[in-house]
Every structure is written in C-alpha cells, then in structure tokens.
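A.B. asks: Take this structure first; my questions come after.
The values are calculated or read from the model by the stated rules, or taken from the named source; none is laboratory data. These figures come from a predicted structure and were not determined experimentally. Because the Cβ atoms are built from the backbone with ideal geometry, glycine has one as well, and the counts that use them run over all protein chains shown.
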Number of protein chains: 2
Amino acid sequence: MHFSRFAAQLSNDAGIISLMEDLGSALGSDQKMYMLGGGNPSHIPEIEAYFRAQMLAIASDPAKFGAMVGDYDGPQGNEGFIRILADFFSELYGWPIAAENIAITNGSQSSFGLLFNTLAGETPQGDFTQVLLPLTPEYIGYADVGLGKQPLFTARKPIIEYIDDTFFKYHVDFKQIDIDDHIGAVCVSRPTNPTGNVITDDELKHLSELTKASNTPFIIDSAYGVPFPDMVFTDATPLWDEHHVLCFSLSKLGLPGVRTGIIVADAAIIERIRNANAIFSLAPGSVGPALVQHAIQSRKLIELCRDTLKPYYIRRRDEAIEQIRQQMHDLPVRIHQPEGAIFLWLWFEDLPISVQILYERLKERNVLVIAGHHFFPGLEENWQHKHECIRITYSSDSESVQRGIEIIAEEVRMAYDNQGS
Amino acid sequence: MHFSRFAAQLSNDAGIISLMEDLGSALGSDQKMYMLGGGNPSHIPEIEAYFRAQMLAIASDPAKFGAMVGDYDGPQGNEGFIRILADFFSELYGWPIAAENIAITNGSQSSFGLLFNTLAGETPQGDFTQVLLPLTPEYIGYADVGLGKQPLFTARKPIIEYIDDTFFKYHVDFKQIDIDDHIGAVCVSRPTNPTGNVITDDELKHLSELTKASNTPFIIDSAYGVPFPDMVFTDATPLWDEHHVLCFSLSKLGLPGVRTGIIVADAAIIERIRNANAIFSLAPGSVGPALVQHAIQSRKLIELCRDTLKPYYIRRRDEAIEQIRQQMHDLPVRIHQPEGAIFLWLWFEDLPISVQILYERLKERNVLVIAGHHFFPGLEENWQHKHECIRITYSSDSESVQRGIEIIAEEVRMAYDNQGS
C-alpha cells in the first residue's frame, strides 16, 4: 500500500488536526478536561431551547421531516433556503443579493477549502497565485487546505498598537500590502479568529478598495460576524461589493454538529462552489438549513443574537478577563483587545519557553489551549512574537475557564521564574 | 478575477453536476417531473416513521439534542458511534474491526474523493498511480473527483452474458485485469450503480486475491449493499480482509439529507481520512450518527432493512420491469439482471440516436434519466455500447415510474422508427 502526495500533505503536524483531535478526545475522556483549546461554542440554554423547539416541530410533521432527511438538496444548496437568505441579506442591508449569489456548503471549513483552491493555486496556464492574508495572526484552519505543491498563503505581520498596560490591538500594515498578479484572493476573518480583533471599518474599506482596483476577490470570513452569530462587541459595519466573498456559518449559533456554511459571492464564484459540491459531496446537508430557516425568515435570529447570544458572550469574556487580572497580575501578560468571537489572545512578552512547550505542559495538567505559532499561515519570517502568544476560548463552562486560567497562570509563572536557572 | 486549474476542472460537463442539478431543479419545479434520473431513495413510510420517532426522542431530550447539534465531533467521527459500529461489524460478521478501523465522513461521495486521492494520483516521488475499475459501467460520481492533472481512473470493459431474451449480466473480464505498480487501488460498487449488478462471490474473492497479492487496497463501495441498506436481491456474501476498504452510507436508508458516510479500513488509511476530515471539514456532521445510533446498537436496522426496505424495493423493481415488458414488448430492449440497488439499466441495441440525444428529448418531456456514457470513467475506448444504455431509477413515485417508462418507450420507438428516414 502506498499513499499519494495528497495523503502525505495530510500531515499529522497540521495544527487543525491536533486541535480537532484534542476536542474529540476530550469529549470522550474520563478525566475532567479544561477545554480552552477548540472553538466549540457554548450551550446557551435559551438558544438551544429555541432550536430544539424548531426540531420538535419538524419531527412532529411527517412531510417536513421527510423533506429534511429524505431528499438530496441541489448542489448549490436547498433552493427555498437560498431564496430566504437572499431576501434576508437584501432587506437587512439593501445589498443586491439574489439566489445566484448564494451557495450552501458542509460548514465554513469546506467553504474555505473550496474558495481558496478555486481562486488561487496553480492557474490553467501553469502559473501560480496565492491567497494574501493582510493581517496575521489569522485562522489556524486556513493553513493546510492548499491542494498544490507551492505554499497557498502569503501573509503580513501586523502593526501593534499598545492601548494601555493590559490591552493591545493589531492593525493592517498597509505599507506591506501590494496586490499584484501573484495574488489570487485576499482574506480576513472579522472578528478575527484567534485574536478577537475586529478590523476597523476604515481598514475594511481600504482593503476593499485595493482589491477592487486589482480585480481580486476579497474574502471576509464572518463565522463570528454580523448578522449572525453577531459576536461583535464594537461598532463594525458589514460591507458588500461585487468582488466581496462573504462566508457565514451556523456553527457559532450553537449548531456545529449540523455542518452548515453559507457563501455569498459573485455568481461566477457560486457556480464553481456548486460544481465542487456536486463533485465532492453530491449536495450539502439539509438539516442545518431546515433548522434555521424559520429563524431567518421571521428575523427571529437577529433578536436571538442581539438579546441573548451577544450579551452572553460579553459576560463570559468579561469574567475571563477578570480572572486573568486576578491570577496574572504579577505577570507580563497582554490581552488583545477582545472585540468579538469567543477567544482571548494572550501575549507573554519574552516568555522563556516557547508556547509549544507551554501547550504541552498545560495538556499534562488537562488544560487545552492553542499555541500561537499555528495562527500565522503564510508568514515566512520566524517572528519571535508567534512563540509568545496563546489562544484561549472562553465559551467552555465557567469552571473550566476559571480553573484553566489559574493553571495557565501557574505554568507561565513557573516558566518566568525558572528563567536562567 | 481568475480561476485556478482546480476550478477549471470543476467543469459544468461533469455528469454528476447535471445529475445533481436535475435533482435539485426538479424539486423546485412547478411542473410535474418524472424523476427517473437521480439516486434519491424512496420515502418509505415505515422507515421514515421509525427515524422520525428517533428524532422526536432526541429533540425531546435537551441533553441529547445539545449533544447532537452543539458539539463538534472528533475528526474521525463521533467516538461513541464508532465504537457501536465496530461492535456491530465484529458481532455480525466476526470481523476483527476496532474503532481505529472506522471513520465517518460527510457522505459516501466525500469518502470516494478522499480515498481515491489518498490511495492514487501523484506519488510523493513524482510518479503517478491510478484507480482500476475492473468492471464498467461503474458509478458516475467517481469520474471527476481526481485532483491531479492525469486521469485518475483506468477501467475495463465487461464480459456480457446473455441470460434470456430480456436479461443480460456483466462479468469481470479477468483476462484484462493486471494489477501492476501503476495501480494504487481497485474499486467496485456492489451492488453496482448504475446496473443493479451484484458481482458474484467468486468474482469478489478473485479480485480480493489479486489485490492482496499486489498489496493494493480493494475498495468495495457498499452504498446499496449489506448489511444496510441491504438492497441486495441475490445471495451475496460481504467479504473482509485487511486490505479491503468498505464504504457504507446512510443515504439509501432514506437519509440522504444528513450526509453520512462510513469507511471501514486499515488503521493507516483511517488515519489519513481523519486528517482529511480535520483539514477540509473540521469534523463530519453529527446528525446522521445520532439518528441511527439506536437502530445500529439494537440491531433494529437489520430487521428494518430485511423486512421492510428490501421487500419494498423488490416490489418496485418488479413493477418497473412489468411496465417495461408491457410498454416495450416490440422494442429491442435488454435489461441488466436487476440484482440490487434502485436502478434498471436498459440497453437499446443499435439505437439509431445516441442516448445523450435520447436524454435531451426525454428531458423536454419532463422525464429525467441518465445517459449511459457517463458511467464509464476511465474507459478510453469509445465503445458503442456506452451510447446505447440508460439508467432509470425506480425509487421515484409509482406514477412517475409508470408514466416515465411509457414516455421512454415512445421516444425510443420513434428513434428506431425514424431510422434511415
């Protein structure tokens, strides 16, 4: 038995593999694990109760249940659901979005793989283009989806703004942004996974103008963004233009098990996604669309996110920050300005050990976090900063977050204390 | 905006795209369409009622519902479900299957894409291997999943056995089967999509021996096979060996909307599938496993398939054959021995038009079928037989099947009658 080059690329070293393995084994573990690693959303009782009622209504109706499980959707996704989404975006933002601009996928991760490989990589002429990540740190899950031999990403270091003694914020360094023929697409996550950064409206507009001028698709990964799940804790305006590619997901609504992603883009891009769905999946899953259809059609989803989900995560964020202040007051820790998503990005300046070692020590103590260096796909320079940051998730149960931060503080303190010894 | 070579390969010409488009648009169409094209399973009331009761039980229990929708499974699939499956196969067949031998995917189509590209294609050394399809016609969905530049498949013509005036059967032509270093994997669907053929136990054993001798993985696509959905209407023994790769699916149980595939294989292969799941999907969907878990654990699934699903499809098959006998008694039609799955494969010998033309004429009359030439991936020779066969599905509603066959008979009769005019 021999494995292909494609298989060889599916390396066990990929950050996303250890992340998802950590998630899965922790679920199956007998020991109490403090899950500050993965991106699993919280089980928010009011939200889960709402979707449970929707599922009960579907399962109580033979016709609705039969339609949900018993028919393949088209490869672009369920036609009725796509029409409802087109109305939703058009009405909410006044964008000229029609059914031809929307495709459903088996989750945002599938969206990224299909989009990046469709818009960049080897060209039909044998040239090669890359996806530019104008601001790293950026999402760990992008790193390994490239199907070709050459690195699919090229990335830029950010400008660091020191806000006060505790907080800092990354900004796009536009001096480094040059979108030439070698760039097939530009991508940002907003809010950013892993930092909780929300790139400013000005930065977004500037990137939109630069990409428009060079006729380059601009992918805005909105897995944590507006209008749903709306984990945005600052003012941030969503932006549409014909060359924008917006990626949405149902996962952070509390529905990662249904694996539903949504792409809004130019019809020519949607056509390729439809084809890829047919070839690699036949059709995307029908359960996610069936489960949220009513919430989107009735606009109830907006209300659930605004009145329940967002306040919930703001509270959880504030608790986590308070715990860090208490446990780490004596440590040189900085927190990225937490403007959205479900993460805190901690920077331990001049940490005497790499965060990979820290990750391993924490795992020994049943605390799962993610080491920062995984979040710089495409950044060639071995920037020391990458080895001084970790991502922690505050969507886990409160006890895990509280106890987890306590243990992180202990291990970090030990690392600083043992310095030079 | 420029598209990549990968995107260029996602050609609108792929048979699977038009098939899935036909399925999707027919669902959204105002006109009555006679759906004899796609592979959508029937809505069997007893089966659907059983799974609806399962979903009601899950949706009535906050903890179960939360676990189904609210957590990412591990990238290999839900650990509890995998253990249940390992027990199921071990107990049912006495196979030495453990959890490390099983991975869950987002449907069989995803399984095929991942397996074929993992086991064949460009090697790390720069060589190239192919997937051998020892018997075509073979499943349309395999054709376009290759990620490389070279054709991923190489295929062989069958031996045709004439059984009587109506029926015929394809057999593997072992004289043509040579598994050398250029073959990365061998694959058969059993029952075969599109023909309803069930390759014999002897043929299966022979292929197993040849692949074992050459240390080549042998993929047996059991989407319609035993032990579920058990759409096998002859005696056929499933076979396990360490180099076998068995692909199962929940779709033909009546659950295509949940997109769940199951791979049983050597642990080294499962590890690659797990990695690919993490990289391209994070995790497979959780709904399918949750929905069938009880049916598998209790062995109720065996009973449902044996006592309800299989008799249902045998009845539908016999009705379709009877309708063909009535409507086409004057036409030179032959039917492949219908030993399984949900299709009849019709051969119109010396048909004066290609079946592509026939497909188009039928679509004009709202009858969807699939032209035979799509089912010969990897067969280079332009065999006339490919253009004389069509696949029709008998899982559609009875009226569609009855009326559809009537219209097919009319169009085929016209084609023969206009011969030479």
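A.B. asks: Does the range B:106-121 include one or more residues that are touching a residue at least 24 places away in the same chain (Cβ under 8 Å), assigned to a loop (DSSP other than H, G, I, E, B) and under 24 Å from residue A:2 (Cβ atoms)? Walk me through it before giving the result.
C.D. replies: Keep residues of the range B:106-121 that are touching a residue at least 24 places away in the same chain (Cβ under 8 Å), which gives B:106-121.
Those left that are additionally assigned to a loop (DSSP other than H, G, I, E, B): B:106-107, B:120.
Checking which are under 24 Å from residue A:2 (Cβ atoms) leaves us with B:120.
Looking through the range B:106-121, at least one residue is touching a residue at least 24 places away in the same chain (Cβ under 8 Å), assigned to a loop (DSSP other than H, G, I, E, B) and under 24 Å from residue A:2 (Cβ atoms).
A.B. asks: When you scan the range A:67-83, how many residues do you find that are at the interface with chain B (Cβ under 8 Å from one of its Cβ atoms) and part of a loop (DSSP other than H, G, I, E, B)?
C.D. replies: 6
A.B. asks: Shifting gears a bit: Restricting to the range A:265-313, and then to whatever is under 21 Å from the mean Cα position of the chain (by Cα) and basic (Lys, Arg), can you tell me which residue is farthest from the other protein chains (Cβ to nearest Cβ)?
C.D. replies: This residue is A:306.
A.B. asks: Now, a different point. Is at least one residue of the range A:267-287 free of Cβ contacts under 8 Å to residues at least 40 places away in the same chain and within 27 Å of residue A:195 (Cβ to Cβ)?
C.D. replies: No, the range A:267-287 contains no residue that is free of Cβ contacts under 8 Å to residues at least 40 places away in the same chain and within 27 Å of residue A:195 (Cβ to Cβ).
A.B. asks: Let me ask something additional. Can you name the number of the only condition in (1) more than 8 Å from every other protein chain (Cβ to nearest Cβ); (2) farther than 30 Å from residue B:392 by Cβ; (3) among the acidic types (Asp, Glu) that residue B:13 fails?
C.D. replies: With (1) more than 8 Å from every other protein chain (Cβ to nearest Cβ); (2) farther than 30 Å from residue B:392 by Cβ; (3) among the acidic types (Asp, Glu) applied to residue B:13, the lone miss is (2).
A.B. asks: Would you check if residue A:279 is hydrophobic (A, V, I, L, M, F, W, C), touching a Cys at 6+ places or on another chain (Cβ under 9 Å) and in the same structural domain as residue A:191 (by TED's automatic domain parsing)?
C.D. replies: Spelling it out, it is not the case that residue A:279 is hydrophobic (A, V, I, L, M, F, W, C), touching a Cys at 6+ places or on another chain (Cβ under 9 Å) and in the same structural domain as residue A:191 (by TED's automatic domain parsing).
A.B. asks: In the range A:46-60, what residues are at the interface with chain B (Cβ under 8 Å from one of its Cβ atoms) and closer than 18 Å to residue A:252 by Cβ?
C.D. replies: A:48, A:49, A:51, A:52
A.B. asks: Out of A:194, A:229, which single residue is closer than 30 Å to residue B:64 by Cβ and touching a residue at least 12 places away in the same chain (Cβ under 8 Å)? Working first, answer last.
C.D. replies: Working: A:194 fails: closer than 30 Å to residue B:64 by Cβ.
After ruling out the rest, the residue left standing is A:229.
A.B. asks: Looking at (1) closer than 21 Å to residue B:22 by Cα; (2) loosely packed, with under 15 Cβ neighbours inside 10 Å; (3) of a type outside the set (A, V, I, L, M, F, W, C), which is the one condition that is false for residue B:373?
C.D. replies: Single failed check for residue B:373: (2).
A.B. asks: Identify all residues within the range B:126-160 that are surrounded by fewer than 20 Cβ atoms within 10 Å (Cβ to Cβ) and in contact with a His (Cβ under 9 Å, 6 or more places away or on another chain); write none if there are none.
C.D. replies: B:127, B:128, B:154, B:157, B:159, B:160
A.B. asks: Based on this model, can you work out whether residue A:169 counts as outside any loop (DSSP other than H, G, I, E, B) and touching an Asp or Glu at 6+ places or on another chain (Cβ under 8 Å)?
C.D. replies: Values: outside any loop (DSSP other than H, G, I, E, B): yes; touching an Asp or Glu at 6+ places or on another chain (Cβ under 8 Å): yes.
Judged against the criteria, residue A:169 is a match.
A.B. asks: I'd like to check something: does the range B:314-333 contain any residue that is closer than 26 Å to residue B:105 by Cβ and more than 9 Å from every other protein chain (Cβ to nearest Cβ)? Walk me through how you get there before you give the answer.
C.D. replies: To start, the set of residues in the range B:314-333 that are closer than 26 Å to residue B:105 by Cβ comprises none.
Checking the range B:314-333: not a single residue is closer than 26 Å to residue B:105 by Cβ and more than 9 Å from every other protein chain (Cβ to nearest Cβ).
A.B. asks: All but one of (1) closer than 30 Å to residue A:361 by Cβ; (2) at the interface with another protein chain (Cβ under 7 Å from one of its Cβ atoms); (3) not small (Gly, Ala, Ser) hold for residue A:34, so report the exception by its number.
C.D. replies: Exception for residue A:34: condition (2).
A.B. asks: Ok, one more. Is it the case, given these coordinates, that residue B:64 is part of a loop (DSSP other than H, G, I, E, B) and among the basic types (Lys, Arg)? So that I can check it myself, show each step before the final result.
C.D. replies: Working: part of a loop (DSSP other than H, G, I, E, B): no; among the basic types (Lys, Arg): yes.
Here the answer is no, as residue B:64 does not meet what is asked.
A.B. asks: Please find, among A:164, A:178, the residue that is at pLDDT below 95, away from chain B (no Cβ under 11 Å) and surrounded by fewer than 23 Cβ atoms within 10 Å (Cβ to Cβ). Steps first, answer last, please.
C.D. replies: On the way: A:178 fails: at pLDDT below 95.
The match here is A:164.
A.B. asks: May I pose another question? Within the range A:342-364, is there a residue that is outside any strand (DSSP E or B) and within 15 Å of the chain's Cα centre (by Cα)? Steps first, answer last, please.
C.D. replies: From the range A:342-364, those outside any strand (DSSP E or B) are A:342, A:349-364; that's our starting set.
Checking which are within 15 Å of the chain's Cα centre (by Cα) leaves us with A:342.
Yes: one or more hits.
A.B. asks: For the range B:381-396, which residues satisfy the criterion of being part of a loop (DSSP other than H, G, I, E, B) and touching a residue at least 40 places away in the same chain (Cβ under 8 Å)?
C.D. replies: B:381, B:383, B:388, B:394, B:395, B:396
A.B. asks: Let me ask something additional. Do we have residue A:221 as without any contact (Cβ under 8 Å) to a residue 40 or more places away in the chain, at negative phi and acidic (Asp, Glu) here? Before the answer, list the steps.
C.D. replies: Values: without any contact (Cβ under 8 Å) to a residue 40 or more places away in the chain: no; at negative phi: yes; acidic (Asp, Glu): yes.
Considered against the rule, which asks whether it is without any contact (Cβ under 8 Å) to a residue 40 or more places away in the chain, at negative phi and acidic (Asp, Glu), residue A:221 comes out as no.
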